[in-house]
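Single-structure report; data block below.
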Amino acid sequence: LSAIWLGIGLANRLVSPIRRLIDAADEIGRGNLEVTVPFRSADGDLGALGATFNTMTAELRSQRAELMAASAQIDARRRFSEAVLAGVSAGVIGTDAQGTVTIINRGALRVLGSGDIVGRSIFEVAPELHGVMEATLGDAYRAEHRDQVTIVRDGRERIINVRVTTEAAESSQHGYVITLDDITDLVAAQRSSAWADVARRIAHEIKNPLTPIQLSAERLKRRFGKTVTEGKDVFDQCTDTIIRQVGDIGRMVDEFSSFARMPRPTVQPEDAKELCQQALFLQRNGNPTVRYISRLPEGPVPLICDRRQVAQVLTNILKNSAEAIEGREAAPGRQLPPGEISLSLKDDGATVAIVVEDNGKGLPKEGRERLTEPYMTTRSKGTGLGLAIVKKIMEDHGGSLALEDREGGGARIS
């Protein structure tokens with residue numbers, strides 16, 4: 001019995017350090033790195049194993065703390081980078097070495113259109129960038145490539161400045177950063193400025209001789225209209241044509257002059273509802289065959305604006321709508337519906353929106369944004385300055401002009 005008791009005690013003394021190591025290993029497996037194993041130097045190799053185990057757990061705790069600190073730093077940098085990318089007005093796209101999109105910010109989504117873009121090839125989501133991306137992938141020695149492309153999304157044409165830079169990494173691992181700068185407004189402003197200068201020169205050169213020509217034609221008609229017997233019809237027709245054409249040229253020059261020297265708005269409190277009612281009244285009298293619908297609030301709508309310029313905006317838009325209705329063409333075997341123009345006035349307390357809808361021939365799908373540029377028109381007799389003047393007035397008032405499609409056909413101008 002003494003021998004058995006002595007053997008059991010000796011076995012427990014040999015096994016208990018191993019059991020403590022097993023229990024500590026289980027704790028570490030569950031993620032508790034604070035566990036330690038008690039040991040005695042008298043235990044020999046088992047005591048040395050316990051000391052080594054405690055040293056290992058201390059190293060693991062230190063490495064975990066360093067990894068957590070590095071992870072927190074990386075996460076903070078990631079959040080900062082995402083905040084910077086989100087706040088940048090330009091579009092930023094990151095791709096890998098094969099051109100697969102790995103990151104994209106909101107600016108790029110506005111240019112390319114929303115959707116699931118990450119993980120797809122840049123050649124698929126933006127085929128307009130095919131040329132500059134092919135040049136970038138094919139030239140590993142240049143760190144930057146630039147190009148200017150035109151991107152059409154949702155019927156809107158945008159001019160984009162593209163810059164592709166290569167990441168500073170090994171050639172087998174580097175990716176690319178694509179920066180998209182929307183310069184549509186800048187190009188439009190440059191064109192408007194150039195056309196304003198052209199309009200100023202045209203108005204100066206043409207307007208001076210118009211009055212003498214018209215007065216001479218009118219005097220010829222008064223002086224010789226009754227005495228001419230042979231070819232009187234031809235004489236009257238020629239003088240009338242001169243007078244009429246001079247009048248048309250004079251109106252065109254006046255439009256050029258008003259565009260080139262648009263005065264600064266003199267703003268004061270006005271009633272937007274009254275302005276809309278006056279514009280509709282004038283158009284109803286001028287186009288009795290068109291049905292005009294007004295959706296105006298019951299009370300007045302206060303608006304700080306230049307009364308004359310806002311009235312000019314409404315007149316131009318309503319006039320364009322009436323001309324779009326006149327320019328409709330019926331499909332074979334079908335009859336055109338009656339012309340209809342609606343004007344809505346909305347006030348949410350912060351902004352005032354005036355929306356004009358018509359069932360005319362509508363706006364072109366491509367190049368729609370260029371309709372607001374000077375001398376861009378879809379009508380044979382138009383000068384192309386109406387919407388350019390409207391946009392300039394809206395910009396001077398801190399507003400905007402939107403050209404959209406009306407549901408069911410036609411145009412929606414707001």
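The values are calculated or read from the model by the stated rules, or taken from the named source; none is laboratory data. Not measured: the values here are computed from a predicted model. Positions of Cβ are backbone-derived with ideal geometry, glycine not excepted, and every protein chain shown enters the neighbour counts. Side chains included, ligands, DNA and RNA excluded: accessible areas come from the protein's heavy atoms. Shrake-Rupley method; radii C 1.70, N 1.55, O 1.52, S 1.80 Å.
Overview of values
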| item | result |
| --- | --- |
| Label corresponding to Rg and Dmax of the Cα atoms in Å when calculated from the structure given, among (i) 31.9, 108; (ii) 20.5, 64; (iii) 38.9, 160 | (iii) |
| Helix 184-224 vs. the chain, principal-axis angle (Cα, 0 to 90°, nearest 10) | 0 degrees |
| DSSP bridge pairs, the chain: antiparallel proportion in percent, nearest 5 | 90 percent |
| Across Lys346/Lys392; Lys319/Lys391; Lys365/Lys392, pairs whose alpha-carbon gap is larger than 20 Å | Lys346/Lys392; Lys365/Lys392 |
| Accessible surface of the chain [probe 1.4 Å, protein heavy atoms]: carbon and sulfur percent | 54 percent |
| Per residue Cα convex hull volume in Å³ - calculated over segment 18-152 | 183 Å³ |
| Crossing angle, helix 307-326 versus the chain [Cα axis fit, 0-90 degrees, rounded to tens] | 80 degrees |
| Value at 222 nm in deg cm²/dmol, rounded to 500, when DSSP H runs of n ≥ 4 in the chain each add -39,500 (n - 2.57) | -17500 deg cm²/dmol |
| Around Val101: net Lys/Arg minus Asp/Glu count, Cβ-Cβ under 13 Å | -2 |
| In degrees, nearest ten, helix 272-286 long axis to first principal axis of the chain (Cα) | 40 degrees |
| Solvent-accessible area per residue, Å², over the chain with all protein chains present [probe radius 1.4 Å] | 62 Å² |
| Candidates Ala217, Ala24, Ala330: whichever shows maximal mean-square fluctuation once the chain is modelled as a Gaussian network with Cα springs under 10 Å | Ala24 |
| Summed side-chain charge close to Gly225 - residues other than Gly225 whose Cβ falls under 9 Å, Lys, Arg +1, Asp, Glu -1 | +4 |
